[in-house]
1. What is the one condition in (1) within 10 Å of another protein chain (Cβ to nearest Cβ); (2) out of contact with any Leu (no Cβ under 8 Å at 6 or more places or on another chain) that B:Leu69 does not satisfy?
2. For the range B:36-66, which positions are within 14 Å of chain A (Cβ to nearest Cβ), surrounded by fewer than 17 Cβ atoms within 10 Å (Cβ to Cβ) and part of a helix (DSSP H, G or I)?
3. Do we find that A:Ile50 is surrounded by 11 or more Cβ atoms within 10 Å (Cβ to Cβ), at pLDDT below 85 and touching a helix residue (DSSP H, G or I) at 6+ places or on another chain (Cβ under 7 Å) in this structure?
4. Can you find a residue that is within 9 Å of chain B (Cβ to nearest Cβ), within 23 Å of B:Thr167 (Cα to Cα) and assigned to a helix (DSSP H, G or I) anywhere in the range A:13-21?
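The values are calculated or read from the model by the stated rules, or taken from the named source; none is laboratory data. Small disclaimer: the values here were computed from a predicted structure and weren't measured. Note: ideal-geometry Cβ built from the backbone for every residue, glycine included; neighbour counts use all protein chains shown.
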Amino acid sequence: MDCRDVSELLTPYLDGELSEEEREAVELHLSACLPCRKEFEALAATQSKIRQSFEAVASKAPSSQAWARLQQRLAMEEQPRITVFSLAISKFKGGMNMLRRGLVSRPPVWKPALVAVLVAVLIVGLALVIPPYLGQSQEVLAAEIAQNDPQVQELLPEGTAIRVVKAVRPVERGIFHVLFLIPCESIWGEEGENQAVIIDTSVNVRERKVVEVRALKVEAANITPLSDAEREKAIEIAESNPEVQEILNSGAEMSRVIPLPFFQPSEETLTIEVVGVVLRSTAIDGEAEAGGWLVEVDLVEEEVINILEYPLR
Amino acid sequence: MDLIQRWQGGDPEAFEMLFIRYKDMVFRTSLLMVSDEHHAEDILQETFVKVYKSKDKFKGDENGFKKWLYRVTVNICIDHHRGKSSSVSSLEQMSEEGFELAEADSQTSFGLEGKDVIWQAMKFLDDKHRSVVLLKYFHELSYGEIARILDISVGTVKSRLNTAIKTLRRVLVSEEGKKVT
């Protein structure tokens, strides 16, 4: 057995993985060969260092939330893939007086135009205050939890196709808002033509339960699309404002111009031709904070009325 | 009835007990493979999702389960590495290019690697060499057991360990040389 053969056997020798015959041959060679003995000692020292370093890992353990996370994950894996916009519900068992009063037991009368406007308003509103969206599976799970909650089921008129507008992650970690949109028309007939009730259900997906149910009565408003000239004008007005310039200089960018159909004119600003310019900045490795601003621009008076900062996370 | 039979018989507590019993083993194996606690947490989740889905497919006792779990964990770690650009050089590349620890990516959230030259050196091992090293010197498994887990021959285990230990030794020598000079 020469030095090259022995070299191949030194690691298994140290690991006790050689046959009796091989072990004796290696020991015989080492007793007579100084270079191989040195290599053997170096490999033994290396193994010893590896084991010492690995000791630090022996005390490591996963987070105490690991089991809860796994349960949540498995629950999601088992969820049927339901379409968010096609949830149909459920039995009417009572519920808020506001919803019960005047309820007519008849097939719902959906006015597609009204619904479209309300959905658009909601999405615009939500985009302003609660980005970003999470993955579909968590949204679907949140929707499922909300629609199976007995309290929520009680609030929903029988036979009405209830729509989950969007389940989104708000500022609170792990909480989703599932919004059920009920046109008032389906409750009060023509009286409620331009109104709707939204059942805003806060769902804690981790704990798989509904933590808050709120009813929001909303007014519908038509949204006229902004022209390119209006958008350009809004940007120009916003850019000339010193405070907006400061925000832009800090790394934020203009993301879009949106109509503000529910802008409430004050005594000072009587005009209602107000649009919003949305600014966003993204956190880059802790160098800058993520942020969002809504700049309210009066297109008639050609001035910035207000700058609102809203949370991104 | 043992734990595996209870799990496969549909006892929900048995799955939780398997998780409690083996979570540390899976987590530490993953940590040694990927050197990042957050990724190791994710791999722990992936591994047990796979276990959960394999309830009706797995055949064997708890001893076999443990070995199968090693294999699933290592495979998921390897997939994890494949899924992102890795800074790990292949051993073949290294022998051509020589060693230069300063070139290794020292960004980790592990916290040990900056201080311990072995952790720096481990970065030079690719997944197949790294997995035999940790199964041998962390889990203290025999060559035969490692061969069965990784579905390779005992001869391959021997040759990979040989290469890995010699590589680590050369990196250590190179580092000690730098300290002296």
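1. Of the numbered conditions (1) within 10 Å of another protein chain (Cβ to nearest Cβ); (2) out of contact with any Leu (no Cβ under 8 Å at 6 or more places or on another chain), the odd one out for B:Leu69 is (1).
2. Across the range B:36-66, the qualifying residues are B:His38, B:Asp42, B:Val49, B:Lys50, B:Lys53.
3. On the way: surrounded by 11 or more Cβ atoms within 10 Å (Cβ to Cβ): yes; at pLDDT below 85: no; touching a helix residue (DSSP H, G or I) at 6+ places or on another chain (Cβ under 7 Å): yes.
No; evaluated as a whole, the condition is false for this residue.
4. Taking the range A:13-21 and keeping what is within 9 Å of chain B (Cβ to nearest Cβ), we get A:14-17.
With within 23 Å of B:Thr167 (Cα to Cα) added as a condition, the list becomes A:14-17.
In the following step, the residues that additionally are assigned to a helix (DSSP H, G or I) were identified as A:14.
Yes, the range A:13-21 contains at least one residue that is within 9 Å of chain B (Cβ to nearest Cβ), within 23 Å of B:Thr167 (Cα to Cα) and assigned to a helix (DSSP H, G or I).
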